[in-house]
Amino acid sequence: MVTIDKQKYQIFKNSHQWNDSKFANKLGISHAYLSRILDGDRMPSGYFIEQYLNITQYTFEQAFVSDFKIKHAFQKYNYKKLNGQMPYVEFSEMGHVREEERKMQTIKNKC
């Protein structure tokens, strides 16, 4: 599961003198959704990850804590995004990369 690194989050938030509500507004999400992510009740969406990294200018490894399986999948499929070349794919709640599953299904259907 991918979770936000709370220490890095607090450092960035405090350096800009933002509260959670203002930070959520900057991310384009609700305060309730941000709270669920911070509490570990929800896994961040691809949109959240992209917005968070764009605002903080952190790398994925700096901003998030994840188990190896998810981190490996993210790095494999989003390597170009780490260099700013393509958008993130979105993770489902189980940590599977949905966009890649769709691509693989399309390839299988063509064969």
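Here, each number is a calculation from the coordinates, and none is a lab measurement. Everything numeric here is computed off the predicted structure, so don't read it as measured data. Here Cβ is always computed from backbone atoms with ideal geometry, including for glycine, and neighbour counts include all displayed protein chains.
The order of Lys6, Lys13, going from fewest to most other C-beta atoms within 10 Å of their C-beta, is Lys6, Lys13. Summarising the amide proton neighbourhood of Arg42: residues at separation of 5 or more, or on other chains, whose placed amide H is nearer than 5 Å comprise Ile37.
Site pair Ile55 and Ser35 shows an inter-label distance of 1.6 nm when each label is modelled 7 Å from Cα along Cα→Cβ.
If R0 is 35 Å, the Cβ-Cβ spacing of Lys6 and Tyr47 corresponds to a FRET efficiency of close to 0.95.
Amide H contacts under 5 Å for Ile4: Val65, restricted to partners 5 or more places along the chain or on a different chain, H placed in the peptide plane at 1.01 Å from N.
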